Amino acid sequence: MYAALYLYPVEPEREAALADVFARVSRVALRHGVLADASFAPVEGAAEGNYGLGGFDRIAVPPGSRWWFGIMLYRDRAHFDEVMASFDADPETSALYEEFAALVDPALCLRGEFAKVAGAFALT
């Protein structure tokens with residue numbers, strides 16, 4: 001299993017529009033063969049909970065923004081390369097990226113690629 005993880009600083013007034021963009025990105029990504037794609041926003045009040053958002057305060061976020069994260073799953077690195085080549089070549093992806101970039105400054109986003117070392121998935 002191979003994952004691409006993304007962290008996005010999102011201003012509250014842009015959350016609904018960004019969720020719409022991410023829903024459309026998911027449809028395009030699935031069409032190109034990604035195994036799973038999902039985006040997540042922080043849970044209200046989570047900072048006060050047992051698990052909360054521990055440590056996220058150490059990652060600078062623009063004032064008034066909250067960290068969202070997205071994850072895309074692939075079989076392995078070769079599958080990632082195959083899917084991303086197709087996904088990136090799709091004109092719809094380019095249009096969605098422009099919409100995304102109008103809502104979130106791409107220079108402030110964090111991303112990384114990770115290979116699974118342990119664990120199991122029961123996705124629904």
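Details
- For the stretch 2-115, dividing the convex hull volume of the Cα atoms by the residue count gives 111 Å³ per residue.
- When peptides 106-119, 66-79 are ranked by their average number of other Cβ atoms within 10 Å per residue, the highest-first order is 66-79, 106-119.
- For the chain, calculated [θ]222 nm from helices alone, where every DSSP H run of n ≥ 4 adds -39500 (n - 2.57): -11000 deg cm²/dmol
- Förster radius 25 Å - calculated FRET efficiency between V61 and E99 (Cβ-Cβ, nearest 0.05): 0.75
- Förster-model FRET efficiency, 35 Å R0, L110 and D90, C-beta, rounded to 0.05: 0.90
Read-outs throughout are calculated quantities, based only on the coordinates presented, and are distinct from any laboratory measurement. Here the structure is a predicted model, which means the values were calculated and not measured. Positions of Cβ are generated from backbone atoms using ideal geometry, with glycine treated the same way; all protein chains shown enter the neighbour counts.
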